[in-house]
Amino acid sequence: MQAEQQPETEQLNQLEQQMDELLVLTQVLSKENKALRTQQKSWSTERAKLIEKNELAKNRVEAMITRLKALEKD
């Protein structure tokens, strides 16, 4: 009877160890996921600011071109 219990105990120990490893991995992946989401949000904010700056620069250049064309006509 004791010989049968030992493999079961060993299997339970292995299962417990695997569960512990999975819990640790889950925590690591959760932290990594949170960091990636934060980084993605930061990049999205930066991208929006760059798009806005680009649009402002485009408008300024277009205004300069319009003024230059007006000067040519005079």
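The values are calculated or read from the model by the stated rules, or taken from the named source; none is laboratory data. Being a predicted model, the structure only gives us computed values, none of them experimental. Note that we place each Cβ from the backbone using ideal geometry, even for glycine, and neighbour counts take in every protein chain shown.
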* Asked: Among (1) surrounded by 10 or more Cβ atoms within 10 Å (Cβ to Cβ); (2) modelled with pLDDT under 95, where does residue 71 come up short?
  -> (1)
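With 63, 57, 70 as the choices, which residue is in a helix (DSSP H, G or I), within 34 Å of the chain's Cα centre (by Cα) and among the aliphatic types (A, V, I, L, M)? Lay out the reasoning, then the answer.
Numbers: 63 fails: within 34 Å of the chain's Cα centre (by Cα); 70 fails: within 34 Å of the chain's Cα centre (by Cα).
Matching residue, one of 63, 57, 70: 57.
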